[in-house]
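Here the structure comes first, spelled out in structure tokens, and everything after it is commentary.
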């Protein structure tokens, strides 16, 4: 385990040496004897804690230089933990230092057991604050490559991307419309060795059948009516990068044959051409249908299926993702609230209830559209189920009691805090402004398991 770093700022060499000898088993000790040395050592080592004597040269009998050193350290890091060490008769100046931002003070001669206890507490608080700052800076476990998801299902997708992105193997992505299949493909591309190459996406169902072959493979001048110039296809343009083929199940039979040959040999010919062209584009395909059924019915070539489905990823529907519904909805609420001048909007309890009850046939895309529309339509400070056009989801349900509504809101707040802090109860309690035992009691009362 890495030892925390401790900076000792003391002009008396004997005291510095004694403290270092006593504290070195538990801390990486760095030392300084004046303000310039303290600033240099703090900048280079970023210690967890600093011990600072107020009496420093050039006027060791006065506190001003020590107070100026404190000010310099806090200017480098406003959350720096500085413990003042001062003489028995100088307690007033020690209190001045605490008022100026010092963490605590001790009087000389320092009791080493008391010092160790203060240092332990100080390092513990510093670690908590560091975790909190990391959370505020957006280091969230549920955010990955512009995708949001804390559920086990989405964490499994993120793990798949981490494992498969460095390879060149074809990937087949399965999932309903609106689940984010193209975002998965983009994440695979960004984390691949070909990240600096192009990412070209084609929806095979959006291009007329008679033009799809030319779009993919390109054509030579005069190869068909209207082909006035030579044109590169998307496979050629995606060389050095990734070609994403959405709705792959809609490929015509003739195009399936040419795509199969390309996947086997990494070579192809333009429409109307004879020259063999090489492309190292990685192919990622996606579908919202059942390709195996298409293979069984003869609509899709079995050999092409096995070439495309070297590795298969399934993106879960929104209704399978549990608490991710609220998580993603709040992200959209924050985004669109800021865009439309309503940054303080929150979800009313009936809206949160409706979000979890709705079936989400359009998945994340539907959720995004509903929240954006609700932000525009909301008249107060809260988005309601009616604003989301989800009031019907609550029909037939017994009305919530005040206790149930309060518990639902508490459950959302506690879950959000735990999620932001990766399940760390101490950090979440600090953010919520309650003690750790109180948070444990709340979790038990609200049925929230500790992960």
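The values are calculated or read from the model by the stated rules, or taken from the named source; none is laboratory data. Note that this is a predicted model, so its numbers are computed, not measured. We place every Cβ from the backbone using ideal geometry, glycine too, and count neighbours over all the protein chains shown.
Structure values in brief
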quantity: Residue list for region 125-170, filter: in a helix (DSSP H, G or I), at pLDDT 85 or above and more than 19 Å from residue 415 (Cα to Cα); calculated: 156, 157, 158, 159, 160, 161, 162, 163, 164
quantity: Spans of strands (runs of 3 or more DSSP E) in region 171-290 with at least 2 residues closer than 23 Å to residue 158 by Cα, in contact with a helix residue (DSSP H, G or I) (Cβ under 7 Å, 6 or more places away or on another chain) and free of Cβ contacts under 8 Å to residues at least 60 places away in the same chain; calculated: 199-203, 242-246
quantity: Per-region count, region 103-123, residues touching a helix residue (DSSP H, G or I) at 6+ places or on another chain (Cβ under 9 Å) and in a helix (DSSP H, G or I); calculated: 4
quantity: Tally, over region 405-449, of residues that are closer than 26 Å to residue 357 by Cα and out of contact with any helix residue (DSSP H, G or I) (no Cβ under 9 Å at 6 or more places or on another chain); calculated: 2
quantity: Options 262, 306, 300, 224: the member that is over 17 Å from residue 182 (Cα atoms), surrounded by fewer than 15 Cβ atoms within 10 Å (Cβ to Cβ) and under 39 Å from the mean Cα position of the chain (by Cα); calculated: 306
quantity: Count - residues of region 1-18 that are touching a helix residue (DSSP H, G or I) at 6+ places or on another chain (Cβ under 8 Å) and within 17 Å of residue 66 (Cβ to Cβ); calculated: 4
quantity: Identity of the residue in region 144-157, touching a residue at least 24 places away in the same chain (Cβ under 8 Å) and over 13 Å from residue 314 (Cβ atoms), that ends up surrounded by the most Cβ atoms within 10 Å (Cβ to Cβ); calculated: 149
quantity: Subset tally (residues that are within 20 Å of residue 46 (Cα to Cα) and touching a helix residue (DSSP H, G or I) at 6+ places or on another chain (Cβ under 7 Å)) for region 60-88; calculated: 13
quantity: Residue list for region 227-248, restricted to those being surrounded by 20 or more Cβ atoms within 10 Å (Cβ to Cβ) and more than 13 Å from residue 283 (Cα to Cα); calculated: 233
